[in-house]
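The values are calculated or read from the model by the stated rules, or taken from the named source; none is laboratory data. Since we're looking at a predicted model, the values are computed, not measured. Cβ: placed from backbone, ideal geometry, glycine included. Neighbour counts: every protein chain shown.
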Amino acid sequence: MKVIICGAGQVGEQIAKHLSFEGNDVTIIDHNSKIISHLSNTLDISGVTGCASHPDILEIAGARDCDMIIAATRSDEVNMVVCQVSHSIFSIPRKIARIRSQSYLEINYSDLYRAEHLPIDVIISPEKEVAEAAVSRLETPSAFEIETFLGGEAQLIGISLDSNCPVTNTPLRQLSELFSNLNAIVLGVRRKSKLFVPEPEDQLFVGDQIYVFCTVSDRQRTLEIFGKDMKKGNRIIIVGGGNVGLHVAKTLEQKSRDKVHCKLIEKDRSQAETAADSLERTVILHGDGLDMGLLEEGNIEQADALLAVTDDDKTNLLACTRAKSSGCPLAVSLVNDSSLNSLLQPMGIDAYINPRATTVSSILRHIRHGRVRAVYSVGDAEAELIEAQVLGTSPLAGKTLKDINWPEGVLVGAIMKKDGILIPKSDTIFLEGDVITVFYRTKDIEQVEKLLEVGINFF
């Protein structure tokens with residue numbers, strides 16, 4: 001597949017890395033010649049320097065025979081023009097645009113993106129995606145990472161194992177026997193910074209970070225087995241009143257109308273006033289989220305959780321650190337720079353949200369072949385969890401789990417059938433219409449896609 005990526009920022013670079021690794025013909029466009037030179041030398045891609053919305057630049061990038069264009073520049077307006085030019089001049093069949101400004105996403109203006117107006121096939125809203133991820137972290141405070149699948153009925157949960165875990169030093173096979181009616185499976189283990197897919201005889205140890213896939217109905221029991229609890233906080237402090245913080249506060253107001261008491265701290269006065277006008281029950285505090293006096297005014301010592309979502313990583317990390325030093329039990333930070341992740345545990349920060357990973361996962365969902373419904377990128381593009389529908393022509397249809405030649409290191413998380421969700425056993429039969437989740441290392445993407453019926457005709 002030939003793909004053009006507009007914008008060589010963190011998202012564009014990560015998407016280019018994913019797609020080039022899979023053998024696609026990738027061209028990336030950016031106005032910064034140094035970045036283009038660097039990416040062309042380090043990745044198996046072509047680079048073009050210039051403005052992505054200019055027809056002559058798109059022509060040079062190969063837009064005439066392009067299958068898909070991804071507009072991920074810093075400007076919403078440039079991304080929109082890219083899609084319009086791609087449609088009107090080059091007839092590119094698939095156009096994806098990242099749109100940040102919430103004013104463009106108002107439901108009242110949804111007609112704007114029809115083919116006859118502004119032809120964008122898929123709109124990715126990073127702020128909305130990140131806000132939803134933040135709310136998920138708050139709902140499951142003992143997890144460092146969480147993503148929802150199968151229509152909200154199942155979740156991938158990242159858990160750090162400590163001395164309170166009662167099932168360490170126990171082979172996973174025995175865990176399956178001890179909890180035979182538990183709809184949960186360990187899909188991945190990170191040990192000493194290395195992520196691997198466990199075998200039945202592998203054991204878990206204190207210090208491991210594990211990725212468990214379970215049904216929502218069994219989530220509490222799953223967390224208890226691994227020494228965690230489901231205690232939710234009702235008193236939330238949000239540092240940062242931008243699009244992400246505002247969306248989180250709105251979501252919390254809607255989900256828990258009378259249970260959650262939320263306070264939002266915003267440094268910019270006009271943004272604070274906007275938040276005050278947009279929110280009903282959230283208390284708005286104007287000032288610096290690093291100001292200890294302001295945190296005390298927000299009763300940080302009595303708060304159940306602090307969520308730092310400003311556009312500055314260092315501010316977020318320091319705000320979380322101050323919250324933890326004041327006795328706040330849960331601190332969640334927005335972290336754009338993945339190189340800072342190693343600092344989180346020493347700083348006592350409980351969980352983080354990576355906007356890049358969240359946005360990349362959203363885009364990948366619309367790139368993967370077959371009837372793919374969701375994709376979640378784990379770690380630094382180390383692995384993925386994919387949700388896909390079994391097609392009648394798929395090699396999976398009509399076969400049992402044991403009859404399928406799965407690549408080494410690939411695990412099926414769960415199957416959603418007409419009568420419910422189950423963790424598959426060796427004799428479980430895959431039927432047409434089943435929705436499955438598959439966990440695999442990035443290097444196995446091509447083989448997994450073949451099992452899901454590869455073909456661009458599904459786009």
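Once the range 52-67 is narrowed to residues that are touching a helix residue (DSSP H, G or I) at 6+ places or on another chain (Cβ under 6 Å) and in a loop (DSSP other than H, G, I, E, B), the residue that is nearest to GLY12 (Cα to Cα) is ALA52.
Report yes if GLU432 is modelled with pLDDT under 85, in contact with a Ser or Thr (Cβ under 9 Å, 6 or more places away or on another chain) and farther than 18 Å from GLY151 by Cβ, otherwise no. Judged against the criteria, GLU432 is not a match.
Residues considered: SER46, SER103, SER53, SER33. Of these, the only one that is of a type in the set (Ser, Thr, Tyr) and under 25 Å from the mean Cα position of the chain (by Cα) is SER103.
Under the condition of being surrounded by 14 or more Cβ atoms within 10 Å (Cβ to Cβ) and either touching a residue at least 40 places away in the same chain (Cβ under 8 Å) or under 22 Å from GLU382 (Cα atoms) (or both), the residues counted in the range 176-206 number 18. Taken together, the criteria place VAL212 among residues that are buried (at least 17 other Cβ atoms within 10 Å of the Cβ) and free of Cβ contacts under 8 Å to residues at least 60 places away in the same chain. Report whether or not GLY413 is in the same structural domain as ARG365 (by TED's automatic domain parsing) and assigned to a loop (DSSP other than H, G, I, E, B). Considered against the rule, which asks whether it is in the same structural domain as ARG365 (by TED's automatic domain parsing) and assigned to a loop (DSSP other than H, G, I, E, B), GLY413 comes out as no. Within the range 343-356, is even one residue charged (D, E, K, R), buried (at least 18 other Cβ atoms within 10 Å of the Cβ), in a loop (DSSP other than H, G, I, E, B) and under 19 Å from the mean Cα position of the chain (by Cα)? Looking for residues that are charged (D, E, K, R), buried (at least 18 other Cβ atoms within 10 Å of the Cβ), in a loop (DSSP other than H, G, I, E, B) and under 19 Å from the mean Cα position of the chain (by Cα), one finds at least one in the range 343-356, hence yes.
To keep it simple, each residue is scored yes or no on (1) in a strand (DSSP E or B); (2) at pLDDT below 90; (3) in the same structural domain as GLY420 (by TED's automatic domain parsing); (4) among the basic types (Lys, Arg).
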site	(1), (2), (3), (4)
LEU187	yes, no, no, no
PRO198	no, no, no, no
GLU201	no, no, no, no
PHE205	no, no, no, no
VAL212	yes, no, no, no
ASP218	no, no, no, no
ARG221	no, no, no, yes
LYS231	no, yes, no, yes
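In the range 296-313, the count of residues that are of a type in the set (A, V, I, L, M), closer than 20 Å to ALA131 by Cβ and in contact with a Lys or Arg (Cβ under 6 Å, 6 or more places away or on another chain) is one or more. Among residues of the range 441-459 that are more than 16 Å from ILE363 (Cα to Cα), those with a Cβ under 6 angstrom from a residue that is modelled with pLDDT under 80 and hydroxyl-bearing (Ser, Thr, Tyr), sequence gap 6+ or separate chain, pair up as GLU453/THR393.
In the range 55-74, which residues are without any contact (Cβ under 8 Å) to a residue 60 or more places away in the chain and surrounded by 17 or more Cβ atoms within 10 Å (Cβ to Cβ)?
ILE57, LEU58, ALA61, ALA63
Please specify each residue of the range 131-149 satisfying the condition of being aliphatic (A, V, I, L, M) and in contact with a Ser or Thr (Cβ under 7 Å, 6 or more places away or on another chain).
Residues satisfying the conditions are ALA131, ALA133, VAL135, ILE146.
For the range 160-169, a residue qualifies if it is at pLDDT 90 or above and either in contact with a strand residue (DSSP E or B) (Cβ under 6 Å, 6 or more places away or on another chain) or part of a strand (DSSP E or B) (or both), and exactly one does: ASN169.
When ILE35 is tested against (1) surrounded by 14 or more Cβ atoms within 10 Å (Cβ to Cβ); (2) closer than 21 Å to MET1 by Cβ; (3) modelled with pLDDT of 90 or more, just one condition goes unmet, and that condition is (2). Within the bounds of the range 97-107, is there any residue that is part of a helix (DSSP H, G or I), outside the structural domain of ASN243 (by TED's automatic domain parsing), at pLDDT 95 or above and aliphatic (A, V, I, L, M)? Within the range 97-107, not a single residue is part of a helix (DSSP H, G or I), outside the structural domain of ASN243 (by TED's automatic domain parsing), at pLDDT 95 or above and aliphatic (A, V, I, L, M). Looking across the range 241-275 at every residue that is without any contact (Cβ under 8 Å) to a residue 24 or more places away in the chain and closer than 19 Å to LYS128 by Cα, the one that is surrounded by the fewest Cβ atoms within 10 Å (Cβ to Cβ) is identified as GLN254. Restricting attention to the range 126-149 and to residues that are buried (at least 21 other Cβ atoms within 10 Å of the Cβ) and of a type in the set (Gly, Ala, Ser), the residue that is modelled with the highest pLDDT turns out to be ALA143.
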